[in-house]
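Scroll down for the structure; my scribbles are underneath it.
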Amino acid sequence: MANTVQPYLFFRGRCEEAIEYYKSTLGADVKMLMRFRDNPDQPPPGAMPAEFADRVMHAEIRVAGVDILMSDGMNSGPLDFTCMSLALSVDNPAEVDRLCNALAAEGKMQMPISPTFFAERFGSVEDKFGVSWMVITPKAGGVPGGSQ
């Protein structure tokens with residue numbers, strides 16, 4: 001396996017909801033899903049609350065050719081993704097509009113969709129889980145400092 005960096009998001013009990021949401025809004029494909037009850041290395045009795053059995057221990061979805069790892073994790077409470085954003089590059093500028101609007105329907109627009117000095121089309125949106133998405137069709141030559 002090659003060295004990689006992948007986002008791993010923890011949804012604190014809302015992972016299955018998030019998977020269905022990303023399937024419908026972004027066309028995500030589910031590559032893998034394992035619940036805590038299916039863990040082959042079960043913790044000792046009493047080490048994990050019984051209500052966690054049906055939670056998602058680990059999942060992997062693919063969005064625009066990139067794998068995103070996710071889990072419910074071992075915590076509860078409000079979600080907090082305020083210090084990060086996922087950048088989603090698309091070839092068609094109309095896809096920027098479609099994806100931003102789909103994510104903003106239950107979330108909120110952070111930066112209105114428009115052309116920028118670095119993008120043919122760009123928008124930033126926070127989805128209903130608080131995950132920030134920067135959706136972009138880069139200009140020829142790419143994003144300053146980016147890999148395009």
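The values are calculated or read from the model by the stated rules, or taken from the named source; none is laboratory data. The structure presented is a predicted model; accordingly, all values stated were derived computationally and were not measured. Cβ placement follows ideal geometry from the backbone for every residue including glycine, while neighbour counts extend to all protein chains displayed.
Considering every residue within the stretch 39-62, establish whether at least one is at positive phi, at pLDDT 95 or above and surrounded by 12 or more Cβ atoms within 10 Å (Cβ to Cβ).
Checked against the condition, which is being at positive phi, at pLDDT 95 or above and surrounded by 12 or more Cβ atoms within 10 Å (Cβ to Cβ), the stretch 39-62 yields no hits at all.
Determine whether the stretch 63-76 contains at least one residue that is farther than 30 Å from Glu120 by Cα, surrounded by fewer than 17 Cβ atoms within 10 Å (Cβ to Cβ) and free of Cβ contacts under 8 Å to residues at least 60 places away in the same chain.
Within the stretch 63-76 (the criterion being farther than 30 Å from Glu120 by Cα, surrounded by fewer than 17 Cβ atoms within 10 Å (Cβ to Cβ) and free of Cβ contacts under 8 Å to residues at least 60 places away in the same chain), the answer is yes, since at least one residue qualifies.
Looking at the structure I just gave you, is Leu86 touching a strand residue (DSSP E or B) at 6+ places or on another chain (Cβ under 7 Å) and surrounded by 15 or more Cβ atoms within 10 Å (Cβ to Cβ)?
Answer is yes for this residue.
Can you go through Gly65, Gly130 and tell me which one is closer than 30 Å to Asp38 by Cβ and assigned by TED's automatic domain parsing to the domain that holds Arg12?
Just one listed residue meets the conditions, Gly65.
Please work out if Leu33 is surrounded by 10 or more Cβ atoms within 10 Å (Cβ to Cβ) and within 13 Å of the chain's Cα centre (by Cα).
no
Which of the residues that make up the stretch 4-32 are of a type in the set (A, V, I, L, M, F, W, C) and either assigned to a loop (DSSP other than H, G, I, E, B) or closer than 20 Å to Lys128 by Cβ (or both)?
Val5, Leu9, Phe10, Phe11, Cys15, Ala18, Ile19, Leu26, Ala28, Val30
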